[in-house]
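Down below is the structure, laid out as structure tokens.
Just so it is clear, none of the values below were taken in a lab; they were calculated from the coordinates. Model, not experiment: these values are computed from the prediction. With ideal geometry, Cβ positions are generated from the backbone for all residues, glycine too; neighbour counts draw on all protein chains shown.
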Amino acid sequence: MSGRKSPLRHLRSRRLAIWLILGIGVWSAIATTIPQVARDSAEATAFEARYGPFAALARAVGLDHAYTAPVFLTAVVLLAVATLLCAWERTMWTRRRLRQTRVVSDGVIARLREKPAIIVDVPLGSPSPLEQAAGALGALRLKVTTDSNLVTAEGGRWGLLGSPVFHWSLGLLIVVVGLGTLMRAEGSIGIPVGESRIDTAESYGALDEGSLYRGHSGLRIEATDFLLNYMDGTRHRGPSPVLTLYDGETVLKRQRVYPNNPLRYGSLLIHMGAHGVSPEISLETPSGEEILSARPLVDFDETSPTGTSPSGFFLIDDATGTESGVRVEVDLPAQGKTNELATVSLYVEPGGWLESTGATGLTRGGTLELSNGAVLRVQNLDYYVRISVADDWSVPYIYALLVIGTIGLSVAVVLPHRAVRLLLVEDGDGRRLHVHTSHSRGDPTFGERVERALKDRFCDEDDSGGER
Amino acid sequence: MTSETLEILAMWGAVTAYAVGGVLYALGALFRRDRLLDLAFWISVAGLVPHTAGIAARWMRVGHGPYIGYYEAVSSLAWSTVVLLGIIAWRWPKLRVLGIVIMPISFLAIGGAMLAPKAPIELSGTLASWWLTIHVTFAKLSYSSFIAAFVIALAYVLRERRTSGAIADLLAKLPDQARLDDLSYRWIAVGFIFLTVMVGSGAIWANEAWGRYWGWDPIETWSLISWLVYAGYLHVRLTLGWHGKKSAWYAMLALPIVVFALIGVPVVFRSIHGAYLLGY
């Protein structure tokens with residue numbers, strides 16, 4: 001056979017696991033000092049301008065998108081494989097260990113006879129020394145079994161399972177997080193209050209879909225109601241909509257949504273993100289017939305003199321197919337995320353089939369007459385909510401693995417496995433107890449405690465025998 | 001007397017007790033007086049009375065626990081560290097002398113907190129969750145455990161190097177080296193459980209509050225780094241057999257990373273988690 005190690009043996013290497021753990025830690029630490037392109041592209045550009053060569057190096061190795069970079073993902077995949085292999089190894093080891101503690105082989109007895117870790121002299125007159133030794137070990141809260149001239153004692157048997165459970169959970173956690181990331185979608189939808197949007201890709205303003213995402217639910221989400229500052233008892237919860245989830249016309253769920261109180265349905269998790277104003281603007285013919293209604297979404301913008309960012313919509317001439325843009329601005333009377341006392345400005349952009357025109361300071365009912373005799377009317381000035389919709393099946397499994405892993409870790413730490421084997425040896429030199437101890441955590445005091453308990457038991461007896 | 005005045009007076013009482021405790025520990029070590037060391041311990045622990053009263057008064061006044069803002073977060077960390085000294089001394093009386101390291105740390109922490117702005121920061125909608133209590137409680141438990149491990153590891157290393165003098169005499173009162181090595185490891189193992197719960201509960205809370213359980217925010221990332229560093233410690237100890245000096249040095253070098261994650265990161269990086277420390 002060749003001396004080359006198989007790839008699996010490399011991955012099982014304990015040193016590799018440690019290097020991966022520390023490597024991922026160091027990579028992440030460096031990454032926190034480098035602006036991430038996906039999060040803040042402006043900051044990333046400024047960083048590149050300021051630290052040219054260093055920024056180029058960071059970009060070359062992928063530190064500008066550190067947590068999706070091939071280097072990082074490779075390390076995480078290797079760590080997952082190493083952890084699962086380690087979990088398998090520990091499971092096999094635990095299985096063997098659980099069997100060994102029940103059945104003591106001849107080899108173990110021979111080792112106890114030849115190379116004991118602890119020797120305790122038994123006074124010659126001592127009656128039933130094994131029973132006394134068993135009593136001493138029982139006092140250390142160990143479960144004791146006596147067989148012929150051998151005593152085995154064990155404690156924290158469950159502790160043996162802790163490490164495999166922890167490693168399985170951790171390995172599977174990395175796998176589930178990875179799969180979940182590939183199969184999830186997250187994005188935001190702006191919905192004017194009183195209206196609804198279908199959960200399809202087209203409804204999203206910003207959408208991030210994993211490469212294995214199965215497709216959107218097609219359910220209808222309605223912003224049924226909205227409070228600018230919802231009070232939950234005495235606690236301010238901030239801007240909060242009531243959302244209703246429909247399948248066709250069937251209501252699936254209706255709930256007020258605010259931080260820490262998302263709407264949950266199946267794998268969907270819907271949070272309140274932001275809010276803005278949404279004027280309702282209608283287009284009326286010269287005869288007064290309403291032929292179009294639009295609800296543009298206007299965002300608050302503290303850097304703008306009006307307090308909002310402009311929005312708009314298009315008017316399409318059915319006869320020619322040409323379109324004219326209508327720019328909508330909302331002027332807030334004071335900086336603040338409220339539409340009270342706000343006014344609307346409408347501007348028909350040049351380039352369409354309508355002539356440029358505009359009107360400012362419009363309140364409810366205010367109009368802008370167009371060149372073709374039609375009228376744009378501000379019907380209402382309400383809010384819209386921008387909700388965050390995450391579709392991720394993996395979350396409950398992640399929670400479950402976190403809980404199971406923590407239980408495994410706690411059991412391994414709090415209930416360490418302890419075992420004692422004790423053989424009564426009688427020969428020409430007298431009677432002795434030959435003892436081996438093991439402690440899964442390697443507690444140096446365990447052997448000392450066992451030795452002290454045994455010696456105390458027999459010394460007491462020796463002393464009392466002397467007095468008799 | 002208003003509750004705010006009571007709070008400030010109580011907190012200064014705690015500062016004084018911790019300062020006196022720290023000084024008496026130093027004098028006890030210098031002049032090799034066991035009585036001074038005992039007195040130092042009891043005065044330090046007595047400082048918990050006004051400290052607890054101060055925290056309670058603020059809790060009642062502002063309506064939330066000591067989680068938000070530098071003053072609350074760091075002062076309560078000092079409180080949990082002194083409580084930890086009491087627990088250690090109760091469980092392992094010989095380790096009482098570790099107060100010589102713990103008390104200066106606690107004094108500096110509470111002193112620093114007293115110099116920080118004390119205006120109450122209201123709990124935002126995102127922070128108002130019972131996950132906050134779980135997350136913060138386990139954070140304090142884990143940081144306190146790592147501080148204990150650090151102090152024990154420091155004692156181990158010092159005793160390896162000092163064989164004579166006042167410090168050596170003081171260290172001689174501690175259990176033997178093998179026991180110290182094991183205790184340092186045990187505190188880290190327990191702290192690692194607490195840290196795991198802290199990171200896990202933080203992830204669950206983030207999902208409830210923001211719709212994502214992990215966003216690579218600097219504080220999230222540094223809490224993961226802390227977790228990886230201590231996972232590395234447990235690995236090198238349990239699989240490569242690092243014990244004694246190597247293990248002690250690792251325990252000592254790991255703590256600054258955790259402290260940076262708690263206090264340094266919100267100051268250095270702009271983070272959505274910054275509210276808990278800086279109130280933005």
Charges on Cβ only, +1 for Lys and Arg, -1 for Asp and Glu, centred on the Cα centroid of the protein assembly as shown; of A:Leu172, B:Leu98, A:Ile24, which one is farthest towards the dipole's positive end?
B:Leu98
Per-residue mean of other chain beta-carbon atoms within 10 angstrom of the beta-carbon, peptide B:204-216?
6
Magnitude of the Cβ-charge dipole (Lys and Arg +1, Asp and Glu -1) of the stretch A:49-125 about the Cα centre, nearest 20 debye, reported as 200 debye
Net charge dipole size for the stretch B:124-272 [Lys, Arg +1 and Asp, Glu -1 on Cβ; Debye, nearest 20]
320 debye
Note down the relative contact order for the stretch B:1-121 as a percent, whole number, built from C-alpha pairs under 8 angstrom at least six residues apart.
32 percent
Relative contact order for the stretch B:124-272: what percent, with Cα pairs under 8 Å and sequence separation of 6 or more?
33 percent
Stretch A:Leu207-A:Val251 to full length: gain in nm at 0.36 nm per residue minus the Cα-Cα span?
13.3 nm
Name the residue farthest towards the positive end of the dipole of chain A from the options A:Phe72, A:Leu362, A:Ala453, assuming +1 on Cβ of Lys and Arg, -1 on Cβ of Asp and Glu, about the Cα centre.
A:Ala453
One quarter of the C-alpha convex hull surface, i.e. the mean projected area of the stretch B:124-272 in nm², amounts to 10.0 nm²
Tell me, what does the Kirkwood hydrodynamic radius of the protein assembly as shown come to in angstroms if you use every pair of distinct C-alpha atoms?
31.0 Å
Charged-residue dipole, Cβ positions (Lys, Arg, Asp, Glu), the protein assembly as shown about Cα centre, Debye nearest 20:
4480 debye
Nearest-0.05 FRET efficiency for B:Val157 and A:Glu302, computed from C-beta distance (R0 56 Å):
0.55
Between A:Asp106 and A:Arg59, what FRET efficiency follows from the Cβ-Cβ distance if R0 is 51 Å, with the result rounded to 0.05?
0.20
Under the definition of Cα pairs under 8 Å and six or more residues apart, what whole-number percent is the relative contact order of chain A?
18 percent
Computed label-point distance, nm, for sites B:Ala119 and B:Glu4 using a 7 Å Cα→Cβ extension
1.1 nm
Scan chain B and note any complete DSSP helix (H) whose C-alpha atoms cover at least 27 Å along its axis and whose Kyte-Doolittle average is -0.5 or more.
B:3-31, B:70-91, B:130-161, B:177-210, B:218-238
How far apart, in nm, are two points set 7 Å out from the Cα along the Cα-to-Cβ line at A:Glu426 and at A:Ile407?
4.9 nm
Can you pull the one-decimal nm distance between simple spin-label points at A:Arg9 and A:Tyr51, each 7 Å off the Cα toward Cβ?
4.2 nm
Given Cα positions, please report Rg to Rh for chain B, the hydrodynamic radius being the Kirkwood one.
0.98
For the pair A:Glu340 and A:Arg235, what calculated FRET efficiency results from E = 1/(1 + (r/R0)^6), where r is the Cβ-Cβ distance and R0 = 22 Å, to the nearest 0.05?
0.40
Charges on Cβ only, +1 for Lys and Arg, -1 for Asp and Glu, centred on the Cα centroid of the protein assembly as shown; of A:Leu124, A:Ser105, B:Gly191, which one is farthest towards the dipole's positive end?
A:Leu124
